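The values are calculated or read from the model by the stated rules, or taken from the named source; none is laboratory data. Here the structure is a predicted model, which means the values were calculated and not measured. Don't worry about glycine lacking a Cβ; one is built from the backbone with ideal geometry, like all the others, and counts go over all protein chains shown.
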Amino acid sequence: MATKWKIRLSGTGGQGVIKGAVILAEGALIDGSNATQSQVYGPESRGGSTRAEVNISDKAILFPKVENPNLLLCMSPQAYEKYSKDLVPGGILVLDGDVGAGQEIPGAKVYRCPITEIARENLGSDLSANVVALGVLNGIANMVSRDAMIESLERNFKAKIVPANIKAYDLGLEAAAKIEPYTV
Amino acid sequence: MAKVRLVQGNEACALGALKAGASFYAGYPITPSTEIAEHMAEMMPACGARFVQMEDEIASIGAVIGAAATGAKAFTATSGPGFSLMQELVGYAALTEVPCVIVDVQRMGPSTGLPTLSSQGDIQQARWGSHGDHSVIAIAPSSVMETYYQTIKAFNLAEKYRTPVVFLLDEEIGHLRERFEVDPDEAVEIIDRKQPTCAPEEYLPYENVEDGVPAMAKFGQGYRYHITGLTHNEKGFYSSALPVVDTFNRRLLGKIEDHVDEIFESEEFFTDDCDVLLIAYGSVARSAQEAMEELREQGLKVGLFRPITIWPIHEEKIKALCAGKKAVIVPEMNMAQYAREVRRIVPSETPVIPLSRVDSELIIPEEVAELVKEVLK
């Protein structure tokens, strides 16, 4: 993997974007890549838009943050409004449901997927939406292997809820395979 | 066996402290250092060590000094406002020569400032926060792995030189999660304070020994002696006799400043072969290194000097490294607190240019690169 991924996960406080970023970064490490994970702490983490960032690279990562992501996930309209302008030209934009519909950044490669709906319908709760999202992201960009992601899920969740999260991850992978990306 | 894990800087600090043998923690939680207290509270009881949440930062450092006097390896963790409160007793620890470690995860100040956001604004407070002419040791790591190993070193230096050591994390590194690959059973050097070998009645807790660091008996174990914040003689009792006071103050400063070669640690990149030398520490050093690598790919001769030890400062080394450079640029998240030192040290024919960012965001590599290009134009 020669590419350096600069990933920003964004959404609303409580959607688990920081946890998602931690799981993704740890999965990358398990895969043998380098990774850094950071987030903005502050009042905005309680409601409002929240963001977490991950760098993945096969080289050493010096600057640890993400100024301009080449992969941006937006799970709420507020997050889309706040962060979409930061995407690098031609970057990958992953949007949950109808987030940002009609306002897509020109030139971005847009992947639209009902992430939260998949979690709710198949797992009975929005809680796993962050893990579904990780499946979607890796289904699109193949940043971290499935084996490494499973191990990361096992490390980051209590044993009791690991199976449900593996299911959520696989639902995300399957959903990603069916997405038709578009550019406006 | 070392297993690769994703670990936060503050957790690495806690793990390093335990590895160093920390047996006592007293603290008052404060953002962005709180994770250190959380991890210590969880880990220490399982190792038979003591964790105490105190009523405030003054009490915290007081408890740390008391525990350390009895022989414990004691520490606390705080951030700018708490570190300010601790200053009087930091001076007390320096004067009474009680080894301890104070972790300061720097956040934007002054005062309450921006509690969750980053800064490197405590560089000078670490050196001059308490009154009087004592010296201090301060360390600023740049990565999660380095945080672990330098925390161990902080405890070792405290023990070796009988001094408070300030561990200057910044919020960026404290909260950053990245690769952590450490064998928990790895053999690392652990230094314990020198113990007296004489009979208790002959013991001089503040003896004017050649290396400046007298042996330190564990309080309450047979060696009776006096600890006071007053200037004291070799026995530890108040003295205002001129030669006693003069010798004491010179020893207190010299035991650290005269050993800068042993204490000082740094990293250098292309320092021999550069027109512009960057000097950066902590999280900002990562941005400086990335800028340097990009600029060298473009054929520009840029080097980086990264002090890991912030205090004492290695004046001779900095003077030698800066000699003959077109310019020295010091990027930091404060208003030139380290640049001020570099300026003081480097002869005036070499321009020392601060690059200050004080909006609470980490300096980005592009900012450093732009300034270098401007200087080389």
### Message
All but one of (1) within 14 Å of another protein chain (Cβ to nearest Cβ); (2) in contact with a Pro (Cβ under 8 Å, 6 or more places away or on another chain) hold for B:Ile308; state the number of the condition that does not hold.
### Response
(1)
### Query
Of the residues that sit in segment A:96-120 and are part of a strand (DSSP E or B) and touching a helix residue (DSSP H, G or I) at 6+ places or on another chain (Cβ under 7 Å), which one is nearest to the other protein chains (Cβ to nearest Cβ)?
A:Asp96
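For residues that are facing another protein chain (nearest Cβ under 7 Å) and part of a loop (DSSP other than H, G, I, E, B), scanning just segment A:20-49, find the one that is modelled with the lowest pLDDT. Even if it seems obvious, please write down each step before you answer.
Taking segment A:20-49 and keeping what is facing another protein chain (nearest Cβ under 7 Å), we get A:22, A:25-26, A:29-30, A:34-38, A:41-42.
With part of a loop (DSSP other than H, G, I, E, B) added as a condition, the list becomes A:41-42.
Numbers: A:Tyr41: 68, A:Gly42: 62.
That would be A:Gly42.
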### Near pairs, Cβ below 8 angstrom, 6+ apart or cross-chain, from segment A:4-23 (over 16 Å from A:Ile115 (Cα atoms)) to any residue that is among the β-branched types (Val, Ile, Thr) and part of a helix (DSSP H, G or I)
A:Ile23/A:Val131
### Query
In segment B:83-95, is there at least one residue being of a type in the set (Val, Ile, Thr) and in a loop (DSSP other than H, G, I, E, B)?
no
### Message
Considering only residues that are of a type in the set (Val, Ile, Thr) and in a strand (DSSP E or B), which ones fall in segment B:296-355?
### Response
B:Val302, B:Thr309, B:Ile310, B:Val328, B:Ile329, B:Val330, B:Val352, B:Ile353
### Message
Condition check: farther than 22 Å from B:Glu366 by Cβ, touching a strand residue (DSSP E or B) at 6+ places or on another chain (Cβ under 7 Å) and within 14 Å of chain B (Cβ to nearest Cβ). Does A:Ala60 satisfy that?
### Response
no
### Task
Keeping to segment B:212-270, report how many residues are in contact (Cβ under 8 Å) with a residue 24 or more places away in the chain, aromatic (Phe, Trp, Tyr) and either out of contact with any Gly (no Cβ under 9 Å at 6 or more places or on another chain) or part of a loop (DSSP other than H, G, I, E, B) (or both).
5
### Task
Please name all residue pairs, on different chains or six or more residues apart, with Cβ atoms under 6 Å, provided the first residue is in segment B:358-374 and is among the aromatic types (Phe, Trp, Tyr) and the second residue is not in a helix (DSSP H, G or I).
none
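If you check B:Arg286 against the conditions, is it within 14 Å of chain A (Cβ to nearest Cβ), among the basic types (Lys, Arg) and out of contact with any strand residue (DSSP E or B) (no Cβ under 7 Å at 6 or more places or on another chain)? Quick ask: steps written out before the conclusion?
On the way: within 14 Å of chain A (Cβ to nearest Cβ): yes; among the basic types (Lys, Arg): yes; out of contact with any strand residue (DSSP E or B) (no Cβ under 7 Å at 6 or more places or on another chain): yes.
Spelling it out, B:Arg286 is indeed within 14 Å of chain A (Cβ to nearest Cβ), among the basic types (Lys, Arg) and out of contact with any strand residue (DSSP E or B) (no Cβ under 7 Å at 6 or more places or on another chain).
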#### Entry: Filter result for the condition that a residue is more than 10 Å from every other protein chain (Cβ to nearest Cβ) and either out of contact with any strand residue (DSSP E or B) (no Cβ under 8 Å at 6 or more places or on another chain) or at pLDDT 95 or above (or both), over A:Val54, A:Val88
A:Val88
### Task
Could you check A:Asn68 against (1) at the interface with chain B (Cβ under 9 Å from one of its Cβ atoms); (2) surrounded by fewer than 20 Cβ atoms within 10 Å (Cβ to Cβ); (3) in contact with a helix residue (DSSP H, G or I) (Cβ under 6 Å, 6 or more places away or on another chain) and say which number it fails?
(1)
### Message
Based on this model, can you work out whether B:Ser266 counts as polar (S, T, N, Q) and in contact with a helix residue (DSSP H, G or I) (Cβ under 7 Å, 6 or more places away or on another chain)?
### Response
no
